[in-house]
Amino acid sequence: MFVALAFMALTVPRYLTFNPANTNVPAPDGFGAHFWLLTGHVVFGSIAMTTCCFQIWPAFRNRFPKAHRVMGRLYVFAGVLPAGVLGIIVGAVSPFGPVVRVANVTLGVVWLIVTVVGIRMAIQRRHGEHRRWMIRSFALTFAIVATRIWSIVFAVAFFADQLTEEAGPLDPTVQTFTGMGVWVAMIVNILAAEWWLDRPTASQRRARKARRARRHQSQDQGMA
Ligand code: HEM
């Protein structure tokens with residue numbers, strides 16, 4: 001929640017001025033609606049990011065099951081679906097170059113598919129699978145935060161001596177580290193979600209430890 005709040009505090013307010021001069025993302029020539037689609041994406045994306053923090057919080061889910069159902073609908077229908085569709089449209093014409101365009105459209109499509117599968121599982125009352133798909137959806141919602149972090153890491157690691165204050169989205173250096181950031185964020189977050197979903201539970205870990213201890217004990221007895 002802290003990460004989500006920090007990300008939104010830094011990026012969202014300039015869109016709430018509804019002034020196209022305040023965006024960091026220049027519109028392609030002749031695409032006047034770009035700023036308004038991007039603003040819609042940012043507003044719906046903020047709803048997705050805020051609601052999903054509550055959705056995956058076990059104590060909140062258990063104490064307020066009704067709120068979980070209402071927020072789940074908000075997450076999907078007022079968050080991921082509109083933010084994803086608008087993200088794909090603005091992503092396809094991103095001024096940050098072709099690598100970022102392909103990465104953003106891929107991320108947007110995968111985000112939509114994973115979330116729709118998750119909601120279908122809930123409708124079919126397959127709760128275990130619903131949980132798994134929604135954890136994947138959460139990982140993709142937060143990929144956008146990770147994108148910013150990875151891009152800064154790559155900018156500092158590879159391009160620190162080439163960057164200037166004026167470097168904008170058309171600069172090949174900026175396009176390179178932004179593209180690296182989106183792809184790495186998406187892959188790492190997906191892998192992190194898969195690790196989280198398949199990690200052994202506390203009781204499995206205890207059972208494994210006990211088995212290992214028994215094996216060592218019988219080996220020691222054999223040697224004696
Ligand atoms: C996970 C799927 C998402 C995709 C594919 C996506 C895609 C994009 C694209 C294409 C842009 C415009 C930058 C460019 O043209 O390269 C953008 C900007 C932005 N997105 Fe998303 N986005 C996603 C999720 C989110 C979420 C969940 C939020 C939550 C608030 C969000 C907030 C923003 C903000 C604030 C900007 C403006 C950035 C700036 O002014 O520097 N996005 N996004």
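The values are calculated or read from the model by the stated rules, or taken from the named source; none is laboratory data. If you're wondering where the values come from, they're calculated on a predicted model, not measured in any experiment. No Cβ is skipped: glycine too gets one built from the backbone with ideal geometry, and neighbour counts run over all protein chains shown.
See the values below:
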item: Subset of segment 6-15 [of a type in the set (A, V, I, L, M, F, W, C), assigned to a helix (DSSP H, G or I) and within 11 Å of the ligand (Cβ to nearest atom)]; result: 7, 8, 9, 10
item: Verdict on residue 25 being among the aliphatic types (A, V, I, L, M), over 18 Å from the mean Cα position of the chain (by Cα) and at pLDDT below 95; result: yes
item: Hits in segment 156-180 - residues which are under 18 Å from residue 98 (Cα atoms), in a helix (DSSP H, G or I) and not aromatic (Phe, Trp, Tyr); result: 172, 173, 174, 175, 176, 178, 179, 180
item: Residue within segment 16-36 that is among the small types (Gly, Ala, Ser), within 11 Å of the ligand (Cβ to nearest atom) and not in a helix (DSSP H, G or I) present; result: yes
item: In segment 160-192, the residues that are without any contact (Cβ under 8 Å) to a residue 12 or more places away in the chain, more than 20 Å from residue 27 (Cα to Cα) and within 14 Å of the ligand (Cβ to nearest atom); result: 187
